[in-house]
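Data block below; observations after.
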C-alpha cells in the first residue's frame with residue numbers, strides 16, 4: 001500500500017480538539033435549552049393558538065424541515081447582514097441550530113401532548129387549576145415523558161449536524177480537524193479520530209440522557 | 001458584470017439536477033445496501049444481528065460530513081482516486097443504507113412471527129420466505145417512512161458542496177459570491193430545496209394516513 005498511518009501529529013494537537021469538542025457541546029447545549037423551551041411554546045401554539053399564529057408556526061416548521069441545515073446556516077450568516085442583522089459566526093451557528101432543532105421539537109412535543117388522555121386536562125380543571133397550571137403541571141410532564149426518547153435523539157442529531165458550522169469558521173470540533181489536517185497533511189487519520197470523538201460524544205450524551213430520563217420520569221407511563 | 005434573476009434562476013435550477021441525480025444514486029445504492037443488510041440480519045442472525053446493529057450505530061452516531069471526508073480522503077490512500085461526485089455517492093450510499101436498514105428492520109419486525117412459522121412449515125427456505133411472504137407484507141408498511149427518509153437524504157446531498165461537488169448549494173455559493181446578494185440567492189436556493197422536498201413530505205404523510213385507514 002505504501003502509506004504509513006501516523007497518529008502522533010493528532011496527539012500533539014489534542015488541545016485544539018478539546019477546545020473544539022467543548023465548543024460543539026456548548027453549541028448543542030444552547031440549542032437544546034432554547035430549542036426545548038421554544039418547542040413547547042410552539043407546540044402549544046399549534047394546538048391552542050389563534051388561527052393565524054397556528055398557520056405561522058406550521059409554515060415555520062415546514063420551511064425548516066424541508067430545507068437543508070447548511071442552507072439555513074448560510075442564509076443566517078451570509079444573508080441576514082444585508083438586512084442589517086450582523087451575527088458572529090458563533091451566534092449564527094447557535095441561532096441556526098436552535099431554529100432547526102425547534103422545528104423538529106415542535107412536531108415531537110405536539111405528538112406527546114396529543115398522546116395525553118383528555119381526561120387529564122378535565123381532571124385538572126375539575127380540581128380548580130387554571131388552564132396554564134393544568135398545562136404546565138399536569139399535561140406537559142406526561143407529554144415529555146412519552147416523547148423523551150425522540151427528543152433526546154433529535155438533540156443528538158443536532159449535535160452531529162453541527163459539524164457543518166465549521167464551514168462558517170466556527171472553531172468547533174470539525175474545524176479543529178480541518179486545521180490539524182491542513183497543518184499535518186494527515187487528513188484521513190485526523191478525520192478518523194474526530195469521527196470517533198463524535199461517536200463517543202453521541203453515545204455518552206445518549207447514556208446520560210437515558211439515565212436522567214429514568215430518574216426524571218420514574219413511575220410515569222412511558 | 002451584473003446578473004439578473006433571469007440568469008440566476010436557470011443556473012440554480014440546472015444545478016438542482018445534480019442534487020436530484022446524487023439523491024437518486026444514494027437512494028438506489030442505499031436501498032440495495034439496506035436490503036443486503038436485512039438479508040444478513042435475518043438470514044444469519046447469529047452474526048448478522050450484532051454486525052448490522054454495529055454498522056447502523058456507527059453511521060447514525062457520526063456526522064455525515066465526517067463520513068464524507070473519510071471517503072474523500074481515505075480512498076486515495078488505497079490508491080483509488082475519487083471525484084467529488086464519486087465520494088459523495090459512496091458516502092451517501094453508506095449513510096442511506098444504514099438508515100433504510102434501520103427503518104426496514106422495524107417493518108420486518110412488525111410482521112407477526114406466525115408468518116415465518118407458517119411459511120417455514122410449508123417447506124420454504126429463507127430466501128423464498130423473504131421473497132414471497134415477509135418482504136411483500138413489509139413493503140406496504142415500509143413505503144411511508146421510506147418516502148419520509150428521501151426528504152432527509154435529499155437535504156443531506158447539500159453536504160456534497162463542501163467537497164466541491166457542484167450541486168445546488170455550491171452553485172448558490174458561487175452565485176452569491178459573484179452577485180453580492182447572499183440574502184436573495186440563499187432564499188432562492190432554500191426555495192428550490194423546499195419545492196423538491198415538500199411534495200415528498202406531503203406524499204409520505206398521505207400514504208401514512210391512507211394506511212391507517214386500510215389497516
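The values are calculated or read from the model by the stated rules, or taken from the named source; none is laboratory data. As the structure is a computational prediction, the values presented were derived from the model and not from experiment. All Cβ positions, even for glycine, are placed from backbone atoms using ideal geometry, and neighbour counts span all protein chains on display.
Do we have any residue at all in segment B:126-136 that's under 20 Å from the mean Cα position of the chain (by Cα) and at pLDDT below 95?
yes
Applying the selection to segment A:169-192, what residues are more than 10 Å from every other protein chain (Cβ to nearest Cβ), surrounded by 13 or more Cβ atoms within 10 Å (Cβ to Cβ) and in a helix (DSSP H, G or I)?
Passing the criteria: A:175, A:176, A:179, A:180, A:183, A:184.
Assuming residue B:155 fulfils every condition listed in (1) over 16 Å from residue A:75 (Cα atoms); (2) in contact (Cβ under 8 Å) with a residue 24 or more places away in the chain; (3) part of a helix (DSSP H, G or I) apart from one, which condition is it?
(1)
Of all residues in segment B:37-54, count the ones that are surrounded by fewer than 19 Cβ atoms within 10 Å (Cβ to Cβ) and touching a residue at least 40 places away in the same chain (Cβ under 8 Å).
So the answer is 2.
Please tell me if residue A:33 is part of a helix (DSSP H, G or I) and over 30 Å from residue A:190 (Cα atoms).
So residue A:33 passes the test.
If only one of B:191, B:184, B:200, B:139 is more than 9 Å from chain A (Cβ to nearest Cβ) and either modelled with pLDDT under 95 or surrounded by fewer than 21 Cβ atoms within 10 Å (Cβ to Cβ) (or both), which one is it?
Criteria check complete, one pass: B:139.
Answer yes or no: is there a residue in segment A:32-44 that is under 18 Å from the mean Cα position of the chain (by Cα), within 14 Å of chain B (Cβ to nearest Cβ) and modelled with pLDDT of 95 or more.
No - not one qualifying residue is present in segment A:32-44.
Here is a yes/no grid of residues against (1) surrounded by 18 or more Cβ atoms within 10 Å (Cβ to Cβ); (2) part of a helix (DSSP H, G or I); (3) touching a helix residue (DSSP H, G or I) at 6+ places or on another chain (Cβ under 7 Å):
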residue	(1), (2), (3)
A:103	yes, yes, yes
A:106	yes, yes, yes
A:125	no, yes, yes
A:132	no, yes, no
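Which ones in segment A:62-101 are in a helix (DSSP H, G or I) and either over 18 Å from residue B:187 (Cβ atoms) or away from chain B (no Cβ under 13 Å) (or both)?
Once the filter is applied, which keeps residues that are in a helix (DSSP H, G or I) and either over 18 Å from residue B:187 (Cβ atoms) or away from chain B (no Cβ under 13 Å) (or both), segment A:62-101 yields A:89, A:90, A:91, A:93, A:94, A:95, A:97, A:98, A:101.
Report whether or not residue A:28 is buried (at least 18 other Cβ atoms within 10 Å of the Cβ), within 14 Å of chain B (Cβ to nearest Cβ) and free of Cβ contacts under 8 Å to residues at least 24 places away in the same chain.
Criteria not met by residue A:28.
One residue is enough: does segment B:2-10 have a residue meeting the conditions over 28 Å from residue B:105 (Cβ atoms), more than 16 Å from the chain's Cα centre (by Cα), assigned to a loop (DSSP other than H, G, I, E, B) and touching a residue at least 40 places away in the same chain (Cβ under 8 Å)?
Yes, there is a match, as at least one residue in segment B:2-10 is over 28 Å from residue B:105 (Cβ atoms), more than 16 Å from the chain's Cα centre (by Cα), assigned to a loop (DSSP other than H, G, I, E, B) and touching a residue at least 40 places away in the same chain (Cβ under 8 Å).
For residues that are within 7 Å of another protein chain (Cβ to nearest Cβ), within 13 Å of the chain's Cα centre (by Cα) and either surrounded by fewer than 22 Cβ atoms within 10 Å (Cβ to Cβ) or over 15 Å from residue B:67 (Cβ atoms) (or both), tally how many sit in segment B:151-175.
Final tally of qualifying residues: 2.
Select from segment B:59-100 the residues that are free of Cβ contacts under 8 Å to residues at least 12 places away in the same chain, within 22 Å of residue A:154 (Cα to Cα) and assigned to a helix (DSSP H, G or I) and list them in ascending order.
Of everything in segment B:59-100, just one residue is free of Cβ contacts under 8 Å to residues at least 12 places away in the same chain, within 22 Å of residue A:154 (Cα to Cα) and assigned to a helix (DSSP H, G or I), namely B:66.
If residue A:114 satisfies all but one of (1) within 26 Å of residue B:152 (Cα to Cα); (2) part of a helix (DSSP H, G or I); (3) within 14 Å of chain B (Cβ to nearest Cβ), what's the number of the condition it fails?
Unmet for residue A:114, out of (1) within 26 Å of residue B:152 (Cα to Cα); (2) part of a helix (DSSP H, G or I); (3) within 14 Å of chain B (Cβ to nearest Cβ): (3).
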